[in-house]
Amino acid sequence: MRSVDLPSAGTVPLSSAISIPGVIAAVRDGLGGRSAVGTGFQAQAAAVGQASGANGADVPLFDARVVARHPHDARAFTQGLIWRDGALYESLGRPGESEVRRVRLADGRVLARAPIPPDQFGEGLASYRNELISLTWQHGIAHRWNARTLKRVGESRYPGEGWGLAAAGGELALSDGTPTLRFFDPRTFAERRRVTVTLRGRPLRDLNELEWVDGALWGNVWHTPYLVRIDAKTGAVTAIADLSAIVREVGLADPEAVANGIAWDGQERRLFVTGKLWPRLFEIKLEPRP
Ligand SMILES: [Ca+2]
């Protein structure tokens, strides 16, 4: 299982990467204000900002207004979520429970499912031509599925861990828990390039589920209620969306029942989010925080 590595009040990790709660507090309050994670982070962020020459311009903050609520399987450990051909497709994690499924939006009913070998931990999911491609956490295997039949049609291999996956402008973007996003050829899985995700010039780790929306990558930041929008060319975070109100509404005590899963219906311009073990899936609109 993934280890939990969370900043808590007053204990700022000394690693090179920074945490979203600290950043959002800093963005909200300004670097001179009080932060939810204490002043250590702010000093660190300010120091790095000066060192990197960042201009300190605010990263825009968005709130999520709920447009619609739909049922979601509360046993589903959601690792990937996409919209394709009028349905949701979802990949599930945890050994023995990992699968790819087609889900009806209106009632959350599972219309079809394809099991992932029980020793594997299913991860992110993307759509490519007539296929779905699903990752595994530590097996280095990307399963390839016929999108219509959900029959397994092959596999690809990649080095390292697999977390989130998204078809991103002709490439597959893959997150692996580090601040590095790797981009692969969707057909061969040959690596084409990589970028470091940065927020105000600092590496940002724990990008999890991904989605390509209007030419930018959005990602869940694991163990936080935040989505970030990432410039896929530079890795720079260009916006933050706060799902805190939705997380509060869901109200789950399980620390692993985090927000995870972003799907974009480009035709109807609908944005869907859910989480691991959440009983609901939300259609949201992002609105700038006043
Ligand atoms: Ca997605």
D_trans [Stokes-Einstein, Kirkwood Rh over alpha-carbon pairs] for the range 61-288, 25 °C, 0.890 mPa s, µm² s⁻¹: 144
Length added when fully stretched, Leu252-Val67, from 0.36 nm per residue minus Cα-Cα: 64.5 nm
Dipole moment magnitude, nearest 20 debye, the range 172-288 about Cα centre, only Lys, Arg, Asp, Glu C-beta charged: 420
Gain upon complete extension [Arg269, Arg289; 0.36 nm per residue less C-alpha separation]: 5.1 nm
Alpha-carbon centroids, the range 128-149 and the range 152-184: separation in whole Å: 10
Over the range 174-218, volume per residue of the alpha carbon convex hull, in Å³: 83
Ranked list, fewest to most other Cβ atoms within 10 Å of each Cβ, for Asp265, Asp185, Asp119: Asp119, Asp185, Asp265
Inter-site label distance for Asp214 and Arg104 at 7 Å from Cα along Cβ, in nm: 3.2
Normalised contact order of the range 61-288, rounded percent, pairs of Cα under 8 Å and 6 or more residues apart: 21
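All of the numbers you see were taken from the coordinates with simple rules; none came from a lab. As the structure is a prediction and not an experimental result, all values here were calculated from the model. Note that we place each Cβ from the backbone using ideal geometry, even for glycine, and neighbour counts take in every protein chain shown.
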